[in-house]
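Notes for the one structure printed next.
The values are calculated or read from the model by the stated rules, or taken from the named source; none is laboratory data. Please read these numbers as outputs of a predicted model, since none were measured by experiment. Cβ: placed from backbone, ideal geometry, glycine included. Neighbour counts: every protein chain shown.
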Amino acid sequence: MKELLELIKSDLIQAKIKVSESKLNLFWLTRYFFYSRTIRVIVFLRLSQVDSVLVSAIARSALKLRFIEFGKVVLGKGIFLPHPQSIIVAGGVKIGDHVHIAQYVTIGGSFKKSRVMEDGATQYLPIIGNKVMIHPGAVIGGPVTIGDEVIIGANSVVTKDIPSNSIVYGQNQLANKKVTIPKEGGVYAIMEDL
């Protein structure tokens, strides 16, 4: 329970809700839960990943009301869904820390595509790094690796690896700019031309 509470605290920070260490208890969590639809959805998302079959089923049912489907994913801290609606993430996807996922995003695989990684494991699904912002309507599919500090533009299609500090638009197109995202994610600065 303590670990789950710590993850939810990192999600609250990502949502720009300042909570002091002393105030993050069940009372304040309940208050934010009822106050914010975004926090409510994120809490249900966290609960959908726990091992309890009953808790997981209830949380998944609550997410389906917003057309959100997350399989059993590896989910980092500081996840944020600014407009939690119509998001699909396949089971087995790995998502890093401080990742923003906007509405109408699909992250999944292609059963026809796979690749062998350096450690000998076979990759079928996306691996998303830290501090990644995925804008509305983006599709990430197949055995791809998204680096750290990446912005994936609205309605982009990503089927190839994306290096860190990049901006992606269209279909696997990289902008001639670098990007830096602060520790907590959420905002970014466009840097010099490449």
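Looking for something of a type in the set (D, E, K, R), modelled with pLDDT under 95, crowded, with 22+ Cβ neighbours inside 10 Å and under 26 Å from residue 11 (Cα atoms) - is there at least one such residue anywhere in region 118-133? Break it down into steps so the answer makes sense when it comes.
First, pick out the residues of region 118-133 that are of a type in the set (D, E, K, R): 118-119, 131.
Then drop every residue that is not modelled with pLDDT under 95, which leaves 118-119, 131.
Still in the list and also crowded, with 22+ Cβ neighbours inside 10 Å: 131.
If we keep only those that are under 26 Å from residue 11 (Cα atoms) too, we end up with 131.
Yes; the residues of region 118-133 include at least one that is of a type in the set (D, E, K, R), modelled with pLDDT under 95, crowded, with 22+ Cβ neighbours inside 10 Å and under 26 Å from residue 11 (Cα atoms).
Scan region 82-95 and give yes if some residue there is closer than 22 Å to residue 149 by Cβ, crowded, with 21+ Cβ neighbours inside 10 Å and in contact (Cβ under 8 Å) with a residue 40 or more places away in the chain, otherwise no.
no
Which residues, counting only those in region 48-59, are in a helix (DSSP H, G or I) and at pLDDT below 90?
Taking region 48-59 as the starting set, the residues that turn out to be in a helix (DSSP H, G or I) are 48, 53-59.
Matches in region 48-59: none.
Regarding residue 107, is this residue assigned to a strand (DSSP E or B), more than 10 Å from the chain's Cα centre (by Cα), without any contact (Cβ under 8 Å) to a residue 40 or more places away in the chain and closer than 21 Å to residue 162 by Cβ? Don't jump to the end; show me each part of the working.
Numbers: assigned to a strand (DSSP E or B): yes; more than 10 Å from the chain's Cα centre (by Cα): no; without any contact (Cβ under 8 Å) to a residue 40 or more places away in the chain: yes; closer than 21 Å to residue 162 by Cβ: yes.
The answer is no for residue 107.
Looking at 13, 39, which one is part of a helix (DSSP H, G or I), crowded, with 17+ Cβ neighbours inside 10 Å and at pLDDT 75 or above? It would help to see each step written out before you state the result.
Working: 13 fails: at pLDDT 75 or above.
The conditions single out 39.
Take residue 73 and decide whether it is in contact (Cβ under 8 Å) with a residue 40 or more places away in the chain, crowded, with 16+ Cβ neighbours inside 10 Å and within 23 Å of residue 9 (Cα to Cα).
Here the answer is no, as residue 73 does not meet what is asked.
Give me the residue from region 152-186 that is of a type in the set (Gly, Ala, Ser) and surrounded by 14 or more Cβ atoms within 10 Å (Cβ to Cβ) and, out of that set, modelled with the highest pLDDT. Break it down stepwise before answering.
In the first step, residues of region 152-186 are kept if they are of a type in the set (Gly, Ala, Ser); the result is 153-154, 156, 164, 166, 170, 175, 185-186.
Of the ones still in play, those that are also surrounded by 14 or more Cβ atoms within 10 Å (Cβ to Cβ) are 153, 156, 164, 166, 175, 185-186.
Details: 153: 93, 156: 96, 164: 92, 166: 90, 175: 84, 185: 58, 186: 59.
Out of the qualifying residues, it is 156.
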